[in-house]
Every structure is written in C-alpha cells, then in structure tokens.
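Notes for the one structure printed next.
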Amino acid sequence: MSDQLRPRASLRTAVVWEVLKDALDRLVEATGRDALDVLDTGGGTGNFAVPVARLGHRVTVVDPSPNALFALERRADEAGVADRVRGVQGDIHGLFEVVDRAGYDAVLCHGVLEYVDDPAEGVRNAVDALRPVGALSLLGAGLGGAVLARALAGHFAEARQALTDPAGRWGDGDPVPRRFTADQLTGLVEAAGLQVGAIHGVRVFGDLVPGVLVDTEPGALEELLKLEAAVAELPAFHSVATQLHVLGEKRA
C-alpha cells in the first residue's frame, strides 16, 4: 500500500493522488516515455515523491529543510526507490539555482504558495521548469475552509476576519500565512501560460468530521473517502474546501 493510501493519510491526499496519477499516465502516453522526470517543489519527506517513484518515474525533490531531505532519503531507500529519487536543498524562488529550466514533464507545487513572498513568481518558476508538454499539480490552502472551520468552532470574529483579510488569515495566531480562492489559484496558473485542466476541492468534510467517528464507526473512513471523491469536482464545494487542487496543462 502506498503512503497515499494509508488510512489517515488518504483523507488528506486521496483526491490529489488520483488526479496526479491520471495526469502522469496521460503524459506517458503523450510523450511515449515510460519514465517521466518529475519535480516536486517543497516536497519535504516525500509524501508524493516516493509513490510517484514507485510508478517508475524519476523524481527530484527541492526543499529548504536539510532534515526533511534526510528523511526523504531514508524513506526512498526503505521503499526501494532510492535510485529514482533525488533531493536537493533550495526553494521555489531560487529554483533554477538547483535545477534546470524546461527539464521536467511534471511539476508538483503542494503547500508551497502559502509560504512564499510572491505566489505569482512561484507559479511562473514552476511552469518554466516544464518541458513543452507537461503538467503542473498545484495544491493550496483554501480560504472558505478556514472560514467555515473557525465559525463551527465558535470563533465568529476570526471567521469574519479571514473573509476580509487580503491574505485570508483569521488573526495573529493563524499558522498559515496565506490562503486562496479557486479563482485566485486558477488565475495564477492561467497567467503563467497554462490551461486549467481540472479543479478539485480537497478535505471538504475530512477536517470537520470528529476523528473518533472515523476511527470507531465500521466503514466510516471508506464512506468518507467516497464522499470526498464525489464532491471534489463540484464547484459548489470548492468554496468550503480546506485545500484546493488545480491541474495546469502545458501543450505544445
């Protein structure tokens, strides 16, 4: 079982993983190459990099944390894919100091834009790393999900603050520096020259359902996963998703 399909991890990654895997399969068909070159910016310990390498692709992970890269190396070795996973220290703003432009079939940019000074530059760099035919997998924190979570917790002033704050933050104690709407993320992708292939809401219900219910009710996790998959593509639920996933496509 891949890291993406472990019970708890699956609530956070199942939707994104299925979209990404399908995109990689299409790229294999489009390029005629069985093994793709994939760049994972901010890929950390390899939550996506290792499963992608298990599919037979070569993955370069760029991350600013030496500790994360050390854990990535150990994880890839334990998974038997150390020869297909390479970690380099760096970040998306200085991306081309450590990797080549136009050197990758797919770029993953998951949980990165929330923490960079210039999200537009980050997306442009990710796109510039793509070959003439390629795909960008972009995952960012959703504004609506944070507003809903604060309101359901009884923090109504903080929910309202997130709505009006330019960065979507609910207060000084908010650990997330920036959140996005679906329109903002798709706008960044289109401005960088890609076509938007799909938009998905991620963790629409997963962060709201009590953990004890998922852990103790027979079949609850499986049914919750099915529900998440069923609503992921419905625009009505994008506005309340904890995260938003955008697939951008580059075509020759």
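General remarks:
- Inter-part distance where segment 18-49 and segment 73-111 are each reduced to a Cα centre, Å: 11
- Per-residue ellipticity at 222 nm computed for the chain from its helices equals -12500 deg cm²/dmol, with DSSP H segments shorter than 4 residues left out and the rest contributing -39,500 (n - 2.57).
- Additional length obtainable on full extension of the chain from residue 191 to residue 233, 0.36 nm per residue less Cα span: 12.9 nm
- Rounded if a/c under 1.5, otherwise prolate or oblate - segment 99-147, Cα gyration tensor axes: prolate
- Hull shadow area, averaged, segment 1-101 [alpha-carbon convex hull, nm²]: 6.6
- Relative packing of peptides 77-86, 110-119 - highest average C-beta neighbours within 10 Å first: 110-119, 77-86
- The translational diffusion coefficient of segment 101-230, from Stokes-Einstein at 37 °C and 0.692 mPa s with a Kirkwood hydrodynamic radius over alpha carbon pairs, comes to 199 µm²/s.
- Mean Cβ count within 10 Å, highest first, over the residues of peptides 32-44, 147-159: 32-44, 147-159
- Dipole orientation for segment 205-252: of the candidates 235, 216, 248, 248 has the Cα lying most toward the positive pole (charges on Cβ; Lys, Arg +1; Asp, Glu -1).
- Built amide H within the under 5 Å cut-off of residue 110, gap 5+: 41, 139
- If only the Cβ of Lys and Arg carry +1 and only the Cβ of Asp and Glu carry -1, the dipole of the chain around its Cα centre is close to 160 debye.
- Listed by number, the DSSP H helices of the chain that run 30 Å or longer by alpha-carbon position along their axis and have mean Kyte hydropathy of at least 0.0 are 7-31.
- Translational diffusion of the chain was estimated from the Stokes-Einstein equation, with Rh taken as the Kirkwood radius over Cα pairs; at 20 °C and 1.002 mPa s the coefficient is 115 µm²/s.
- Farthest towards the positive end of the charge dipole of segment 36-160, among the residues 98, 156, 68, is the Cα of 156, using unit charges on the Cβ of Lys, Arg, Asp and Glu.
No value in this document is a laboratory result; all are computed from the given coordinates. Here the structure is a predicted model, which is why all the values come from computation and not from measurement. Cβ coordinates were reconstructed from backbone atoms using ideal geometry, including for glycine residues, and neighbour counts include every protein chain displayed.
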